[in-house]
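Visitor: Here's a structure for you.
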Amino acid sequence: MNTIFSEDHALHHGKYELIDGQLVSPFENPSRLDHIIARVRETGLGAVIEPLDFGTAPIKRVHSEAFVEFLRTAHAEWREEHGDCDALPLCWPSRTLRHVLPETIDGKLSYYSFDAGTPITAGTWQAITASVNVALTGAEQIRAGQRAVFSLCRPPGHHASADLLGGYCFFNNAAIAAQSFRDAGATKVAILDVDYHHGNGTQAIFYDRSDVLFVSLHGHPAQEFPFFLGYSEETGAGEGEGFNVNFPMRWGTGWPEYSQSLDTALDHLREFSPDTVVISLGVDTFEKDPISQFKLKSEDYLQIGARIANLDLPTLFVMEGGYAVAEIGINAVNVLTGFEQA
Ligand code: OKP
Ligand code: ZN
């Protein structure tokens, strides 16, 4: 299986994360990919290939033009006001407030975000466009006949919706890849999100559509980030009714319960019978993940890959989360070797 990878991911490197009342070094940092790419090479998974440049047109099929242009200039505007430090919002249009676009960079940053955990740094634009290109290059290789490709994206994307960043995510790499399959002629695309966190951005993007099925396994939003989406009663709207399927699970969930949900999720994919599958691949379901509360073990990831392989469909793996850095390479690549050995 080919891996698509760009060194440009390292240009996105926040200085701080405010978590549990403490200012710490960000969990979503470049060392994550150092470990994954090292494991890809060590296991001989396949070729490691640099992405092609697709420009912003495929991004704008999913994100609003205004949001894309905001991200392009956000750090330069921030730097003019505040100097060369991370751009972070601290105020949002919650409940009684109005969703009106302000003029200043601080106001715009608040308007286009939903949390304070997603810093924009000097290199963020270059890293997030590279991350999209990694996803789109993988998609192109699938269209050219590869059975499976690993798009080693960073930063992740599944929390980002049409005009909202958050949860370490800016552009929704998996959604942009899925839309690229549709635009290249695929009739039906399924996205299976196995990251520990609900893919609220991906759900929102495709919620009223029947051509892209979204199925997600994740920590229950009553307990876990992103808190305000991901319940099982969210089944789609209008044309999209029945094409959104959520499997929220409680803190402490281990392989016995997880694998049952996974099998039911895969049954939904089989019934939909897509041309192509996109996997939002997070390995933050791992027992030692520092910000998550599931109990999966390294060997379980082999099983996840094998069960996905049994769908017998062209499969694009798009990297999302996973913060237990010492084991992230083993866990992510286990999914891929489990897939290949099935
Ligand atoms: C991104 B991805 C936990 C705070 C979590 C944001 C998590 C974003 C995860 N107490 N903050 O889905 O792995
Ligand atoms: Zn996650």
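The values are calculated or read from the model by the stated rules, or taken from the named source; none is laboratory data. Only a predicted model underlies this, so the values are computations on that prediction, with no experimental measurement involved. When we count neighbours, we look across all protein chains shown, and the Cβ atoms used for this are built from the backbone with ideal geometry, even at glycine.
Visitor: Is there any pair linking a residue in the range 50-64 that is free of Cβ contacts under 8 Å to residues at least 12 places away in the same chain to one that is of a type in the set (S, T, Y) and surrounded by 14 or more Cβ atoms within 10 Å (Cβ to Cβ), with Cβ under 9 Å and at least six apart or on different chains, and which?
Guide: Matching pairs, first to second residue: G55/T129.
Visitor: Here's another thing I want to ask about it. So which residues in the range 178-200 are within 12 Å of ligand 1 (Cβ to nearest atom) and either over 16 Å from C153 (Cα atoms) or in contact with a Leu (Cβ under 6 Å, 6 or more places away or on another chain) (or both)?
Guide: V194, Y196, H197, H198, N200
Visitor: Now for a separate question. Looking at D34, is it at pLDDT below 95, more than 20 Å from A174 (Cα to Cα) and of a type in the set (D, E)?
Guide: Values: at pLDDT below 95: no; more than 20 Å from A174 (Cα to Cα): yes; of a type in the set (D, E): yes.
No: the conditions fail for D34.
Visitor: Sticking with this one: Determine, yes or no, whether V212 is within 25 Å of N29 (Cα to Cα) and touching a helix residue (DSSP H, G or I) at 6+ places or on another chain (Cβ under 6 Å).
Guide: Taking the combined requirement at face value, the residue does not satisfy it.
Visitor: Continuing with this model, one more query. Within the range 111-131, how many residues turn out to be out of contact with any Cys (no Cβ under 8 Å at 6 or more places or on another chain) and either of a type in the set (A, V, I, L, M, F, W, C) or assigned to a loop (DSSP other than H, G, I, E, B) (or both)?
Guide: Here is the first cut: in the range 111-131, the residues out of contact with any Cys (no Cβ under 8 Å at 6 or more places or on another chain) are 111-117, 119-130.
Right, trim to either of a type in the set (A, V, I, L, M, F, W, C) or assigned to a loop (DSSP other than H, G, I, E, B) (or both) and you get 112, 114-117, 119-123, 125, 127-128, 130.
Residues that pass the stated criteria total 14.
The rows are residues; the columns are (1) touching a helix residue (DSSP H, G or I) at 6+ places or on another chain (Cβ under 7 Å); (2) surrounded by 24 or more Cβ atoms within 10 Å (Cβ to Cβ); (3) among the hydrophobic types (A, V, I, L, M, F, W, C).
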position: E140; (1), (2), (3): no, no, no
position: Q146; (1), (2), (3): no, no, no
position: R154; (1), (2), (3): yes, yes, no
position: H158; (1), (2), (3): yes, yes, no
position: Y168; (1), (2), (3): no, yes, no
position: A174; (1), (2), (3): yes, yes, yes
position: I191; (1), (2), (3): yes, yes, yes
position: H197; (1), (2), (3): no, yes, no
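Visitor: What number of residues in the range 210-257 are in a loop (DSSP other than H, G, I, E, B), surrounded by 19 or more Cβ atoms within 10 Å (Cβ to Cβ) and more than 18 Å from the chain's Cα centre (by Cα)?
Guide: 4
Visitor: Determine which single condition H35 fails, assuming it passes every other condition in (1) of a type outside the set (A, V, I, L, M, F, W, C); (2) in a loop (DSSP other than H, G, I, E, B); (3) surrounded by 13 or more Cβ atoms within 10 Å (Cβ to Cβ).
Guide: (2)
Visitor: Quick one: which residue in D267, D312 is surrounded by fewer than 24 Cβ atoms within 10 Å (Cβ to Cβ), free of Cβ contacts under 8 Å to residues at least 12 places away in the same chain and not in a loop (DSSP other than H, G, I, E, B)?
Guide: Going through D267, D312 in turn, just one is surrounded by fewer than 24 Cβ atoms within 10 Å (Cβ to Cβ), free of Cβ contacts under 8 Å to residues at least 12 places away in the same chain and not in a loop (DSSP other than H, G, I, E, B): D267.
Condition check ((1) more than 26 Å from G230 (Cα to Cα); (2) of a type in the set (S, T, N, Q)) across all residues:
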residue	(1), (2)
I128	no, no
N133	yes, yes
G145	yes, no
A177	no, no
S180	no, yes
D183	yes, no
L192	no, no
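Visitor: Can you name the residue in the range 139-177 that is part of a helix (DSSP H, G or I) and closer than 11 Å to G199 by Cα and, of all such residues, is farthest from ligand 1 (Cβ to nearest atom)?
Guide: Applying the filter and picking the extreme gives A175.
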